[in-house]
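Notes to accompany the following structure.
Please treat every number below as a calculation from the coordinates, not as lab data. Computed from a predicted model, the values in this text were never measured in an experiment.
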């Protein structure tokens with residue numbers, strides 16, 4: 001439990017937890033996690049989106065190769081948020 005008495009993670013805390021866990025995983029574990037949580041079509045989309053959208057940009061090739069991974073991390077974070085964080089209360093006016 002955190003000092004404020006709230007044991008729920010914030011979105012930022014969840015993101016940092018994901019990064020820390022991801023850093024500790026081996027290649028086989030990452031592949032297994034991806035296979036269980038990310039549709040193959042989504043992975044293919046990230047790769048083709050980067051190729052089509054950023055191929056003519058000033059971004060160097062090494063950075064461009066990393067863009068699908070950044071998109072994947074964002075996707076995984078969103079999946080975790082949907083599974084672990086409570087829905088925010090809606091305000092109906």
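Below are the figures for this structure:
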| item | result |
| --- | --- |
| Alpha carbon convex hull of the chain, projected area averaged over orientations, nm² | 9.7 nm² |
| Tensor-based shape of segment 38-85 (alpha-carbon gyration tensor, a/c under 1.5 rounded, otherwise prolate or oblate) | prolate |
| Rounded to 10°, Cα long-axis angle of helix 27-37 versus longest principal axis of the chain | 70 degrees |
| Estimated [θ] at 222 nm from DSSP helical runs (n ≥ 4, -39500 (n - 2.57)) normalised by residues in the chain, nearest 500 | -23000 deg cm²/dmol |
| Listed residues 25, 14, 80, most fluctuating in the chain (Gaussian network, C-alpha, under 10 Å) | 25 |
| Fully extended contour minus Cα-Cα distance, from residue 12 to residue 25, at 0.36 nm per residue | 2.6 nm |
| Between helix 40-54 and the chain: long-axis angle, C-alpha atoms, 0 to 90°, nearest 10 | 60 degrees |
